[in-house]
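The values are calculated or read from the model by the stated rules, or taken from the named source; none is laboratory data. Since we're looking at a predicted model, the values are computed, not measured. Here Cβ is always computed from backbone atoms with ideal geometry, including for glycine, and neighbour counts include all displayed protein chains.
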Amino acid sequence: MTNKIFWLPAVLAGASLTISAQPSKIAVINLQRAIISTKDGQKAAKDLEAKFMPKRQEIEKRQAEIAALQNQLRASSNTASEDAKNKLMRDIDAKQKSLQRDGEDASAELDQEQQKLFQEVGGKLMAVLDKFASDNGYALVIDVSAQSSPVLYASQAVEITRQVIDLYDKNAPAMAPAPPTAGAPASAKPTTSAPPTAKPKPAGGK
């Protein structure tokens with residue numbers, strides 16, 4: 001009986017060590033900022049900017065042409081015939097509608113390309129985050145970039161965004177995408193400028 005009493009504290013101590021070895025830390029990460037701040041994310045944003053720059057410049061040129069026609073209409077409002085003014089208004093309206101459609105198509109195409117690149121970089125970043133959390137004893141990592149995030153305040157001491165970015169950039173060539181998880185962001189994008197979407201203005205407006 002005495003031996004059993006002496007053994008009990010040892011058993012409890014062993015159980016205590018087992019419990020304390022479990023991950024217990026909590027961290028927050030701005031996953032959207034992390035993705036677009038990696039070298040891969042920055043390169044993807046620059047590549048998209050270069051790819052869509054011609055379309056952006058074309059749209060801006062057409063916007064300027066419409067603005068010039070609107071100025072011409074206003075300047076000739078007291079001198080041009082009704083037929084001439086009506087023709088000019090029809091031309092402006094047709095150009096505005098065409099530009100609106102083309103601008104929306106370009107924005108939709110850019111959104112699709114952004115999502116594709118975001119998911120590619122985001123998948124690899126999640127693999128880095130999984131390893132970082134496992135290696136450093138984190139039981140929970142919360143993405144504070146999500147609009148639905150419940151976090152109202154988090155100390156800088158639990159912010160791991162910078163560490164994950166640095167680890168990603170160090171290991172990116174060797175990292176494979178992680179399997180999709182419920183915590184992965186679905187809608188964030190690299191900060192690439194979208195082609196301006198034309199907004200119709202009244203042809204005779206000021």
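One residue alone among 129, 117, 125, 140 is loosely packed, with under 13 Cβ neighbours inside 10 Å and of a type in the set (A, V, I, L, M, F, W, C), and that residue is 140. Against the test of being of a type in the set (S, T, N, Q) and under 25 Å from residue 149 (Cα atoms), the options 98, 76, 24, 107 yield a single qualifying residue, 24. Note on region 80-113: among residues that are surrounded by 15 or more Cβ atoms within 10 Å (Cβ to Cβ), over 22 Å from residue 45 (Cα atoms) and of a type in the set (A, V, I, L, M), the one that is modelled with the lowest pLDDT is 80.
The sole residue among 154, 146, 139, 80 that is outside any helix (DSSP H, G or I), over 22 Å from residue 49 (Cβ atoms) and touching a Ser or Thr at 6+ places or on another chain (Cβ under 7 Å) is 139.
Within region 29-83, the residues that satisfy the criterion of being of a type in the set (Val, Ile, Thr) and closer than 30 Å to residue 127 by Cβ are 29, 35, 36, 38.
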